[in-house]
Amino acid sequence: MKKIFWTLFVSSIIVSAYADNEPIKVKSQIKEVKVFLRGAQLTNVGTANIGSGVSELIFEGIAANIDDNSIQVKGEGDFTILSVTSKTNYLKDQPKPKDIKVLEDSLESLQNKNAMIQNLVDALNSEEKMVLANQSIGGANNGVDPADLKDAADFFRTRLTEIANKKMEAQAKQKRLNEEIDKLDKQLKSDNRRSRNTSDVIVTVSAKTAISAKFVIEYVVQNASWTPYYEIRSTDSNSPITVSAKANVKQNTGINWDNVKLTLSTGNPAVGGTKPVLNPWSLSFYEATENKPIMHQSRAMFDGNSGNIDIATSKTYEPKQAKTTTEYTTVTEAQTNSQFEISVPYNIPSDGNIHAVDIQNFNLNATYGYYCAPKLDGDAFLVAKATGWDQNVLLSGNANIFIEETYVGKTYIDVQNASDTLDLSLGRDKNVVVKRTRMKDFTEKKFIGSTKKESFVYELSLRNKKKQEVEITVEDQIPLSTNADIKVELTESSNASYNKETGKLTWKVKLASSEDKKLRFGYSVQYPKDKKISGL
């Protein structure tokens, strides 16, 4: 009896210890999201009651595709975090959106109907084969009574016709069903919300006594991004440019971001942050032998850079119009990037679609003028030269142009190649006309000894059809020589500014209302007469 008693006692202790060590499942919610140019850092918050000793906590419903290196767990309470791991949970999916569930149910219903019709077609095919296999009547030595033959023929004709008609009717239904199935299948495949796998973050902790603890889990996922775009508005040539900076945010993490604090960062963790190392560059003679290796130039190993923009100041934008989130956005400068912190809660569903977020509005002082490169495009473009742009957080991106509240087209803001002045192309103006004509009467070819000399002359006609004076910058070019035997000479320029290194000719012209002006430039090319020149 004693032996039995001690066995039961020890067993109860083991069971009790095992019960104490059962994993604790913890629910958490996404409270903050920091979206990078590629990827996003999510912050989940949850609470758990943990007992004394070592406990394993499983935080379920975390977004899938976690970067394990990025997981950070913080806790509030008298306990110690021993380890943190993560794993994909294929058994526990997020609830599917209702519209996706409706589409999947409809697809399944149509597929079942299609399968039933196919069963009918298969049965009709089998019956047809059976009828055709039993067409012989009478014996080998017996004749067939004409009446029996007629009855048999009527039967076979009637039954085969019925089978053919039923097959045709079934196949027509199948065709319609397949068309609907194909539409539903394409619609579902185009919707990224079907992927609903989640991850578990497993945290092992140790506590001296039972406590209620709060946990904050931060981690980075890749299925999210944002890209900048802008709206540029101009009212007249005497007013500043108004720039509305916006963001196209999208995510397909498998978890909806509901009522989260949203921050947009110019950082990009997906790009490596290891600085390049410039190794020695050694030269040696090439020796083509089997036993000696060929020396190559040593190259620096480069893992990339963050592509971030350094901002001189941080700025908080005061409320102006209580219509957009720009009034709730604070621009801050981190050590290696800039961030737009939006204080109002945001909802970004996990659908892979673009969701627009207003970031900030600001004005830029600008001077206006026109630009034309008639060799490339015959239209004149209105250009605003904006100053002070570097006092705001700007990234290169597409922009929609509005002049006097009318949409006129798209442009591209290129801050990577901008100087103190940012050139903003505001679209074409058909009332400023530029025409480029090759003057055939002045084009000639001459042979001078062993060389050939060709001369070219072009005329640029400018006309202002507007009611006010305009200033236009016109650019053209002459070719450059890359060979000492090819000599290029500028013969006429109409007082253009000439850059010998690029071959570019630049004119700055003022045109009064209804005024016409003509510019002319020419050049000659001399080269050996037995040679041909490409690109001339």
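Applying the Karplus relation 6.51 cos²θ - 1.76 cosθ + 1.60 with θ = phi - 60° to region 156-168 yields 3J(HN,Hα) values of 4, 5, 5, 5, 5, 5, 4, 5, 4, 5, 5, 5, 5 Hz, where x marks Gly and Pro. Residue-wise HN-Hα couplings along region 29-34, as the Karplus relation 6.51 cos²θ - 1.76 cosθ + 1.60 with θ = phi - 60° gives them from phi, are 10, 6, 9, 9, 9, 10 Hz; Gly and Pro carry x.
Once the chain from Lys214 to Asn499 is taken as fully extended at 0.36 nm per residue, the excess over their C-alpha distance is 95.9 nm. Between amide H atoms placed 1.01 Å from N, distances below 5 Å from Thr235 occur with Glu404, all of them 5 or more places distant or on a separate chain. A Förster distance of 60 Å, applied to the separation of the beta-carbon atoms of Glu127 and Asp258, puts the FRET efficiency at 0.55.
Applying 1/(1 + (r/R0)^6) with R0 = 56 Å to the Cβ-Cβ distance of Asn69 and Lys508, what FRET efficiency is obtained, to the nearest 0.05?
0.50
For region 394-438, backbone nitrogen atoms closer than 15 Å to the point 7 Å from Lys385 Cα along Cα-to-C-beta are found at 418-426.
A simple spin-label model places pseudo-atoms 7 Å from Cα toward Cβ; at Asp485 and Asp530 they are separated by 0.8 nm. Here region 245-266 and region 493-536 have alpha carbon centers that stand 51 Å from each other.
Were the residues from Asn417 through Thr47 laid out at 0.36 nm apart, the gain over their Cα-Cα distance would be 128.2 nm. Cross-link partners for Lys214 among the lysines, with Cα-Cα distance under 27 Å and sequence neighbours closer than 8 places in the same chain left out: Lys25, Lys27, Lys31, Lys34, Lys74, Lys87, Lys92, Lys261. Among Tyr328, Tyr527, Tyr370, the order by Cβ neighbours within 10 angstrom, fewest to most, reads Tyr328, Tyr527, Tyr370. Remark on Asn353: its backbone amide H falls under 5 Å from those of Gln251, a criterion applied only to residues 5 or more positions apart or on other chains, H modelled at 1.01 Å from N.
With 20 Å as the limit, the listed pairs Lys410/Lys430; Lys452/Lys518; Lys446/Lys532; Lys375/Lys500; Lys186/Lys410 have Lys452/Lys518; Lys186/Lys410 beyond it between alpha carbons.
Rg and Dmax, both from the Cα atoms of region 439-528 and both in Å, are 16.1, 55. Mean sequence separation of contacting Cα pairs (under 8 Å, at least six apart), scaled by the length of region 439-528, corresponds to a relative contact order of 42 percent.
Taking the centroid of alpha carbons for each part, region 384-424 and region 154-183 are 63 Å apart. The simple spin-label model puts a point 7 Å past each Cα toward its Cβ; for Thr235 and Ser206 those points are separated by 6.9 nm.
Bear in mind these aren't lab numbers, they're just calculated from the coordinates by the rules spelled out. What you are looking at is a predicted structure, and each value in this text was computed from that prediction instead of being measured. Heads up, the Cβs are rebuilt from the backbone with ideal geometry, glycines too, and the neighbour counts pull from every protein chain shown.
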